[in-house]
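Only one structure is covered here, and it is reproduced in the block below.
The values are calculated or read from the model by the stated rules, or taken from the named source; none is laboratory data. It should be emphasised that the depicted structure is a prediction, and the values quoted were computed from it without experimental measurement. Using ideal geometry, Cβ is built from the backbone for each residue, glycine included, and neighbour counts are taken over all protein chains shown.
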Protein chains: 2
Amino acid sequence: MHDLVKLKAPSIARVGDSLALVSTPALLLDLDAFEFNLCNMAALAKKNGLALRPHAKAHKSSTISRAQIALGAVGICCQKLSEAYPFVRAGIDNIHISNEFVGADKVAMAVELAGLIQLSICVDHVAQVDAIGKAASAAGVTIIVMPEVDVGHGRCGVDSNEALAALIDRIAAYPGLQFGGLQAYNGGIQHLATWEQRRLEAARSADRTAQYIQFLEARGVLSPVVSGAGTGTVEFDVASGVYTEMQPGSYIFLDGHYGSNEWAGEYMPQHGLFILSTIMSTAKPHKAVCDVGLKGVAVDSGLPRVRAGDYEDKLRYVSANDEHGILQVAADDMRDHLGNRVMLVPGHCDPTCNLHDQFICFRGDVVEAIWEIDARGLSH
Amino acid sequence: MHDLVKLKAPSIARVGDSLALVSTPALLLDLDAFEFNLCNMAALAKKNGLALRPHAKAHKSSTISRAQIALGAVGICCQKLSEAYPFVRAGIDNIHISNEFVGADKVAMAVELAGLIQLSICVDHVAQVDAIGKAASAAGVTIIVMPEVDVGHGRCGVDSNEALAALIDRIAAYPGLQFGGLQAYNGGIQHLATWEQRRLEAARSADRTAQYIQFLEARGVLSPVVSGAGTGTVEFDVASGVYTEMQPGSYIFLDGHYGSNEWAGEYMPQHGLFILSTIMSTAKPHKAVCDVGLKGVAVDSGLPRVRAGDYEDKLRYVSANDEHGILQVAADDMRDHLGNRVMLVPGHCDPTCNLHDQFICFRGDVVEAIWEIDARGLSH
């Protein structure tokens, strides 16, 4: 009698196997490209004298964060408080929550985390400061607070000197809070198509950031940290002289959306993230169906594309159902291609990684490591 | 000293709590609507004398499948072999994989599952039959094979009598395989906007299905099961006299995409699936930012909409970032609304459920149960 309680689907890969033996769909990480991207960004930070605090929301894996810290990163960013827990469990002791939060449940998480690590958070409303200030002060912990200033994104963050001053004054009212500087990230310009557009808009965001810094200095308030910069503008942001810290995330992967940016400067990441798929139906002419659909790849920033070098000229991913990807075929008949593998470049890395439980890390044709995506699904 | 090894993010809800205490983002299931939908479909199947085999890819939760079986369902559908494992572990002993698969890893899963439960699978290529036939015969298990016929979707499935006959002949060549009937599902017509369009296209698909059945009968082959019908066409399909079994999935939830269908007949499901969000930034006029973005809700079939009765007239969800939802505000100033809750109706239930680990099940204002989404992420 089979012991059903222990029944489990087989794992999708084993270290040492060739890629041909990996079950699909699988989230693949090309270690050569990953390490190139990792070192390149670490060098860029070092050369320009900025702290590197990579964003963990892109990969949600404490193994990757530890590799970043081993190369000199000062800590990491998370976007949500619950997301921070697996990283703290893995020994990472310096986390910035680059986002606002509201609610007693969230405040309780912040207080718990601040008792374990150096925690900084963002605010853009005095009510957020009051909630976290009362709780931190009562618990006897210190939480570093970095008001978010809107430098062009138009999403979160205050957009006036008066609103910023109100936050600074309120932070000073609580013994459990410490002003840490400014969060000044413009997510809206990271994907501007041309290098020149990004350069111009990054300069505009840096100017706005500088104005807030100067406004505070005139009030006698120094900003120990000014944190900003994403993968698309980091090469300009580091040269601006405005930021002390950069927080890129996607640079380790270069997804399809970032890959379609024009990269004209010295800094240029490589594609390292792929979805391995299998052609599982070829019943129609001019069509092949693969096993990667909406549950294997995020499509918010465009459909995945077929990796250069494989079926690039023959197949185009034209439609995603839940568990099917429809591939348009240049050749008439794909019947003999049943079971063949197709490597896909995902449009958007962050929500794609959040669909999977593991990175299957390969070098050449061999699975070298399997890394857990231990913060997957932690969004509260 | 805190024991970091055991550190874990707090759970998002506790049974007995009011909804106001649930951490957001949370995937909510309204039990009144869910039970209404569950009973309605069971009654429709019973009244028309069809077997009900609900699709588990919509919810990926063995608790929900067991509720469906308790109300008379003969078994369930899964879309992938790995997806079936948690359901088998939970005691479900009759599963149909309503999809093709290729590869030794997949064949091994099918053989393992067929040793534990009654398993049926789909094929549309003789190479699939050969692979599974050899393995099942060697292992001494029986796998029921249902060739998929394309009845209008244009995705998988054979589209000629000759191709169907070739599959039937090949199935007969293997002692480990048993012909089980036909898979005849048209996913492409489930979301046609008007009731009349769906009625006409469902009739056309039923005619195509009937032609395949008659072709096989003329060759002396009877189809014990003819499986089809989705949430959007089930009311027509059950009356067609062609299908013996229906396989709807989304009917238990009614997502936004299905909700925008015109429902003019007697059969009409209710909205039961929501994402609970919190307004976490109100720094801009005419804008509010909530904490549900691409990692909390799938946007492939449209952005989520604000549930009727709450902020319906005041707020519109206009853009999704990874962890932010941008709400356009009719009123000028939302500053006093910081921390308020907004219930969202997801556009597409299947990939939305696949983002979450639990259904927070509520009745009225109280959390009544928490159900694990135990097949989440199992796509291979």
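Has segment A:100-110 got at least one residue that is out of contact with any strand residue (DSSP E or B) (no Cβ under 8 Å at 6 or more places or on another chain), within 7 Å of chain B (Cβ to nearest Cβ) and touching a residue at least 12 places away in the same chain (Cβ under 8 Å)? The answer is yes, given that some residue of segment A:100-110 is out of contact with any strand residue (DSSP E or B) (no Cβ under 8 Å at 6 or more places or on another chain), within 7 Å of chain B (Cβ to nearest Cβ) and touching a residue at least 12 places away in the same chain (Cβ under 8 Å). Among the residues of segment B:200-212, at least one is assigned to a helix (DSSP H, G or I), within 20 Å of the chain's Cα centre (by Cα) and crowded, with 16+ Cβ neighbours inside 10 Å. Number of residues in segment A:302-355 that are facing chain B (nearest Cβ under 9 Å), farther than 17 Å from B:Gly154 by Cα and of a type in the set (Gly, Ala, Ser) equals 1. The set of residues in segment B:149-166 that are facing chain A (nearest Cβ under 8 Å) and acidic (Asp, Glu) comprises B:Asp150, B:Asp159. Checking each residue in segment A:264-293 for being of a type in the set (A, V, I, L, M, F, W, C) and in contact with a Phe, Trp or Tyr (Cβ under 7 Å, 6 or more places away or on another chain) picks out A:Ala264, A:Leu273, A:Met280. When restricted to residues that are closer than 26 Å to B:Ser250 by Cβ and in contact with a Gly (Cβ under 8 Å, 6 or more places away or on another chain), segment B:324-348 contains 6. Looking only at segment A:304-336, residues that are of a type outside the set (D, E, K, R) and crowded, with 18+ Cβ neighbours inside 10 Å come to 13 in all.
Of the numbered criteria (1) in contact with a Ser or Thr (Cβ under 8 Å, 6 or more places away or on another chain); (2) within 10 Å of chain A (Cβ to nearest Cβ); (3) of a type in the set (S, T, N, Q), the one B:Ser277 fails is (2). Does A:Ser23 meet the test of being surrounded by 17 or more Cβ atoms within 10 Å (Cβ to Cβ), among the polar types (S, T, N, Q), part of a loop (DSSP other than H, G, I, E, B) and within 13 Å of chain B (Cβ to nearest Cβ)? Yes.
Residue-wise test of (1) surrounded by fewer than 18 Cβ atoms within 10 Å (Cβ to Cβ); (2) modelled with pLDDT of 95 or more.
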{"site": "B:Val88", "(1), (2)": "no, yes"}
{"site": "B:Gly91", "(1), (2)": "yes, yes"}
{"site": "B:His96", "(1), (2)": "no, yes"}
{"site": "B:Phe101", "(1), (2)": "no, yes"}
{"site": "B:Leu119", "(1), (2)": "no, yes"}
{"site": "B:Asp130", "(1), (2)": "yes, yes"}
{"site": "B:Ala136", "(1), (2)": "no, yes"}
{"site": "B:Gly188", "(1), (2)": "yes, no"}
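When segment A:272-292 is filtered for residues that are of a type outside the set (Lys, Arg), part of a loop (DSSP other than H, G, I, E, B) and crowded, with 18+ Cβ neighbours inside 10 Å, the ones remaining, listed by number, are A:Gly272, A:Thr282, A:Ala283, A:Asp291, A:Val292. Would you check if there is a residue in segment A:32-46 being more than 10 Å from chain B (Cβ to nearest Cβ), not in a helix (DSSP H, G or I) and not basic (Lys, Arg)? So far as segment A:32-46 goes, no, none of its residues is more than 10 Å from chain B (Cβ to nearest Cβ), not in a helix (DSSP H, G or I) and not basic (Lys, Arg).
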